[in-house]
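Structure record follows, encoded as structure tokens.
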Amino acid sequence: QVQLVESGGGLVQAGGSLRLSCAASGRSIERINSMGWYRQAPGRQRELVASLANNGGTNYADSVKVRFTISRDNAKNTVFLQMNGLKPEDTAIYYCNAQTPAGVYSVNNYWGQGTQVTVSS
């Protein structure tokens, strides 16, 4: 079992920055296949924002490339999402996700409770 707790959301003006944190417990993030950030805006499906594999590989949604950076601190067992140049369309609840192997072709997905990010114009 993996428990995830997000923090760092809030209200910011367009062009501003926020840094989200996701503290993991129950398993070292070095033994988690992939950790990522997803977001869900009202009336829209949850979408991947950024992911970080345990080999260091990253993946970003096109809409956030260059502006957002995902990173981790193994000693703190924490994953971060640095968000710069925020836009009103970035407004959403941001969720931390962890994936661990559950078999040859399946994974376990763990989710945090979410943190609200609101960007005013």
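Some values worked out for this structure:
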quantity: Electrostatic dipole magnitude of the chain [Cβ: Lys, Arg +1; Asp, Glu -1; Cα centre; debye, to 20]; calculated: 60
quantity: Of Val104, Val12, Val49, the one that fluctuates the most in a GNM where the chain has Cα springs shorter than 10 Å; calculated: Val104
quantity: Lys, Arg +1 and Asp, Glu -1 on Cβ, resulting dipole of the range 1-57 about Cα centre, debye, nearest 20; calculated: 80
quantity: Relative contact order for the chain, counting Cα pairs under 8 Å that sit 6 or more residues apart, in percent; calculated: 35
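A short reminder: the numbers here are calculations on the coordinates, not readings from a lab. Since the structure is predicted, the reported quantities are computational estimates derived from the model, not experimental observations. Note: ideal-geometry Cβ built from the backbone for every residue, glycine included; neighbour counts use all protein chains shown.
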